[in-house]
Amino acid sequence: MSTTIGSPPDSFSLSPLLSLLPTCGSVARVEGMVSSLFARQEKVVQLREQGGSKELERRLVCEEAMLRQVLDWLSAKSGGGE
Amino acid sequence: MDLPSRKPSDLPRRSYSREEVVDIYELGKLWLESGQHKRAEDVMSGLNEVAPDFAPAWLGTAFLRGTQLDYEGVVAAATAALRLEPDCVEAMLFVVIAALALKDSSMAGTYLGEVGDRIEQGQVSNPNVTRLYKMQLARYQNRE
């Protein structure tokens, strides 16, 4: 591996374990998912309101948190926030 | 013909497509790389629920458990990835690292051997796996 003084460290040097995570998708494509993810979030909220088993509730909470993070990011991005 | 009006919430729930899963995972990975662990945690945990057969998200969860020093959690998440992809050397290395932290030499040695065999057989193309393997082998050989 050839590096020079001042060149940035490779990703392995910064975080060896992170370099184990595979790359298999595209962040840019997430931007095209706003409508479907919003619809999914609406559905999850509705299902939570209907109630159900504790296990179902736990799974819905996890899914909703994921969708909220992604939609918040998309919202900030479209608003120039990030 | 008039179609009945339907709200989105009336529609049946469909599972996530492979493309949705990999792209959301990539966003979670980006947040891991930038140190936004709360956001990454929500994404990886969500993917573990909606796409439990997607091994990379289990690796992301294993990484997060490691940052929390929850080594039992690292083993659990990496083992979930291994159940889906038994030849995943990245998951094996997560188990090795956690097993060494837990002072479980037997588990660490077993998975180190598995990774070493695959490296020797030329089945590993990621040079970072080989680098990390050598580091863990040194830890294993110098353990107390």
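Where a number appears in this text, it was derived from the coordinates with a stated rule and is not lab data. Just so we're clear, the structure is a prediction, and the values are computed from it rather than from any experiment. All Cβ positions, glycine included, derive from the backbone under ideal geometry; neighbour counts span all protein chains shown.
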Subject >> the stretch B:54-116: projected area of the alpha-carbon convex hull, averaged over directions, in nm² >> reply: 3.5 nm²
Original post:
How long is the stretch A:31-82 along each principal axis, judged by its Cα atoms, biggest number first, in Å?
Top reply: 40, 16, 14
Original post:
Summing -39500 (n - 2.57) over the DSSP H runs of n ≥ 4 in chain B and dividing by its residue number, what mean residue ellipticity at 222 nm do you reach, to the nearest 500 deg cm²/dmol?
Top reply: -23000 deg cm²/dmol
Original post:
So what is the diffusion coefficient of chain B in µm² per second by Stokes-Einstein at 37 °C and 0.692 mPa s, using a Kirkwood Rh over Cα pairs?
Top reply: 197 µm²/s
Subject >> Kirkwood Rh (inverse of mean 1/r, distinct Cα pairs), the protein assembly as shown, angstrom >> reply: 19.3 Å
**OP:** Assuming 0.890 mPa s and 25 °C, estimate D for the stretch B:87-144 with Stokes-Einstein, Rh taken as the Kirkwood radius over Cα pairs, in µm²/s.
**Re:** 222 µm²/s
Subject >> Label zone at B:Glu144, where the point sits 7 Å out along the Cα-to-Cβ direction: the stretch B:63-78 residues whose backbone N lies under 20 Å >> reply: B:69-72
